[in-house]
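The block underneath contains the structure these notes are about, expressed in structure tokens.
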Amino acid sequence: MTDLETLAQWLPAHGLALGPGARLERLGGGIANRNEGVELTSGPKRLRAVLRRPPPGQLAAGASDMAREARVLAALAPHFPLAPRLIAFCGDEAVLGTKFQLIERREGVAIAGTLPAESGGGLALVETTLQAMAALHALDPVAVGLGDLGKPEGFHARQLKGWWARADAVWPDGLPASVTNLIAALTAAVPPEKGAPVLLHMDLKPDNLLVDPATCQARAMIDWDMATRGPRGFDLAVLLSYWIQPGDPGDVKPLLAVPSLTPGWPGRAAVAARYAQISGQDVGDLVWPLALARLRLATAWMQLYRKWQRGEMDGTRYQGFEALALAIVAQALAAHTKGEL
């Protein structure tokens, strides 16, 4: 039985059905979780939905948490216009082989390393991303029903411990020396959290926004499976970990997750300053959080590389992820040592 046929049998118990001529349409852009468009009906109403589920094969601990994402979307949608509406969630892995969600499908494009021609220089995308981040952080977690999401106390130390464990798992024959040195430097200088905890997206870069390709105005914020509560500076640090600028080492420039090498785009320090201006909040020193965010990014890229090695991911895009991960670690260690972003 195909996934579509199985889904058709599951839907009626949730007041849903496949739309006429429905099929699963693979949606591009993501490098891990699977997203497929599908037409549904709910009584006389037609719904454009996204079937969202983890990538095939072995998952890293805590990765692709569909239950977490479903909970966050269900809570946020009434309060945060950029959050797509959760249509249904299935926690029974026997149905499609994994937990999955059906989420409202929004119009818009996800912009990664290359700007659409109609966007001009794309500077509006920088503003859109930072405005969306500040708006999320301005929400009261308790008021939106997420006051118990995650464990913000000791956030930095716990994040370091978690990503250290994931790094150990992804380099099972022993950590590279650069990774060991970075972890040692971070362990020796864990900073306290600054300010009240806020809702964190945990991967809020431009390609996790769906935007109008011409104006770069946001229509949706997607990919919530790591959302939690913690210091607002960490969401900003995660964004900056992807933000390559012209003076960076050449071996990190293939990352191409953000079009930050576009002529006229601001560097990392200017992005951090603009977020502080928009939010009216001081995020404090970002050197340590950015180094941790880069360790996180490198480890995540290695997780995808290992999945590709095992034959769980198609295509050649993952082939260079090991070299890129090590380059990101080297950049993190050098910047942290110098006290730079």
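Only helices enter this figure: runs of n ≥ 4 DSSP H residues, each worth -39500 (n - 2.57), summed and divided by the residues of the chain, yield -12000 deg cm²/dmol at 222 nm to the nearest 500. Find, among the trypsin sites (Lys or Arg not before Pro) in the range 188-261, those assigned to loop by DSSP (not H, G, I, E, B) with at most 16 other beta-carbon atoms within 10 angstrom. Answer by residue number: Lys194. Applying a length cut-off of 20 Å (Cα extent along the axis) and a mean Kyte-Doolittle floor of 0.5 to the DSSP H helices of the chain leaves 123-137, 321-338. Relative contact order of the range 47-185: 21 percent, from C-alpha pairs under 8 Å at least 6 residues apart in sequence. Ligands, DNA and RNA are left out, and with a 1.4 angstrom probe the accessible area of the chain is 43 Å² per residue. Surface composition of the range 227-299: carbon and sulfur make up 53 percent of the accessible area, probe 1.4 Å. Measuring between their Cα centroids, the range 96-170 and the range 1-26 lie 28 Å from each other. Here the Debye sum runs over all C-alpha atoms of the chain as equal scatterers in vacuum, and log10 of I(q)/I(0) at q = 0.11 Å⁻¹ comes out as -0.74. Remark on Ala220: its backbone amide H falls under 5 Å from those of Leu210, a criterion applied only to residues 5 or more positions apart or on other chains, H modelled at 1.01 Å from N. Computed in the context of the full set of protein chains, the accessible area of the range 1-155 at 1.4 Å probe radius has 53% of its extent on carbon or sulfur.
In plain terms, the chain from Ala184 to Gln319 could stretch by 45.8 nm, reckoned as 0.36 nm per residue minus the Cα-Cα distance. Backbone geometry of the range 191-207 corresponds, through the Karplus equation with coefficients 6.51, -1.76 and 1.60 at θ = phi - 60°, to 3J(HN,Hα) couplings of x, x, 6, 10, x, 5, x, 10, 6, 10, 6, 6, 7, 8, 10, x, 7 Hz, x marking Gly and Pro. If I take R0 = 25 Å and measure r between the Cβ atoms of Ala74 and Ala270 in this structure, what FRET efficiency does the formula 1/(1 + (r/R0)^6) give, to the nearest 0.05? Once the sixth-power term is evaluated, E becomes 0.10.
When only the heavy atoms of the protein chains count and the probe is 1.4 Å, how do Asp285, Asp92 rank by accessible area, highest first?
Ranking Asp285, Asp92 by accessible area, largest first, yields Asp285, Asp92.
For the residue pairs Lys161/Lys205; Lys99/Lys253; Lys45/Lys99; Lys99/Lys194; Lys151/Lys205, the C-alpha atoms sit more than 27 angstrom apart in Lys99/Lys253; Lys99/Lys194.
The values are calculated or read from the model by the stated rules, or taken from the named source; none is laboratory data. Since the model is a prediction, treat every value here as computed from it, not as a measurement. FYI the Cβ positions are ideal-geometry reconstructions off the backbone, even for glycines, and counts take in every protein chain you see. The protein model used for the area step is the full one, side chains on, heavy atoms only, and it has no ligands, DNA or RNA in it. Shrake-Rupley method; radii C 1.70, N 1.55, O 1.52, S 1.80 Å.
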